1. Between 40, 118, 83, find the one with the highest GNM mean-square fluctuation for the chain; connect C-alpha pairs within less than 10 Å.
2. Given springs between every Cα pair under 10 Å in a Gaussian network model of the chain, which of 25, 134, 66 has the largest fluctuation?
3. Which whole-number percent gives the relative contact order of the range 37-134, counting Cα pairs below 8 Å spaced six or more residues apart?
4. Compute the distance from the alpha-carbon center of the range 44-66 to that of the range 83-119, in whole Å.
5. Charges at C-beta only: +1 for Lys and Arg, -1 for Asp and Glu. How large is the resulting dipole of the range 1-147 about its Cα centre, in Debye rounded to 20?
6. Mind giving me the nanometre distance, one decimal, between the label points for residue 118 and residue 158, set 7 Å out from Cα along Cα→Cβ?
7. Where in the range 41-64 is the amide nitrogen less than 14 Å from a point lying 7 Å along the Cα-to-Cβ axis of residue 137?
8. Say we join alpha carbon atoms closer than 10 Å with springs in a Gaussian network model of the chain; which of 34, 146, 65 then has the biggest fluctuation?
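Just so it is clear, none of the values below were taken in a lab; they were calculated from the coordinates. This is a predicted model, so every value here is computed, not measured. As a convention, Cβ positions derive from the backbone with ideal geometry for all residues, glycine included, and neighbour counts pool all protein chains shown.
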Amino acid sequence: MAKNRFVIHKHGARSVHYDLRLEDEGVLKSWAIPKGPSTNPADKRLAIQTDDHALDYADFEGIIPEGYGAGPVIIWDQGTFKNMKATLSLAESLSNGEATVFLEGEKLKGAYVLVKTNYQGKDNAWLFIKMKDEHADQRAITTELPLSVVSGKALEDLS
Ligand code: MN
């Protein structure tokens, strides 16, 4: 199974959030996670699916100028991932409303599940949840490790 890239941008738009992006079939499937990812399996983090982005956006760090999403962006984490469902492609798993991925990032590691939810009647709402494995813990990882894995900068350093 080929390993694809993943990136998590930390994005200081109208409110600070985290954008999870998974490479699949030549694009970055994307979700905005208002509270950011957690390494604690007890946390169910809302993840709102957003537009697919071009692959080269995985390397973007900088400031989005005026307009939609205006504000600073850092690469909070990046690495590769595997689709853990051997019998289905990631696209098939996503269209079924549940995908399990194994992340090998600099911060996030191990198995995570994305599962569709009917939060507030939205059709783009998912939950992003750490699965129980040796990489699960109860750290507040977004506050303990706030900086870009590429530049070492904080979001505030860009704004
Ligand atoms: Mn965003």
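1. In the Gaussian network model the winner is 118.
2. Highest fluctuation of the listed residues: 66.
3. On the way: 157 pairs, mean separation 31.1, N = 98.
The normalised contact order for the range 37-134 reaches 32 percent.
4. Using only Cα atoms, the two centres lie 18 Å from each other.
5. On the way: 18 positive and 21 negative charges, 104 e Å.
Using only the charged Cβ atoms, the result is roughly 500 debye.
6. Each label point is offset 7 Å from its Cα along the Cβ direction, giving 3.7 nm.
7. Residues passing the 14 Å test: 41.
8. Highest fluctuation of the listed residues: 65.
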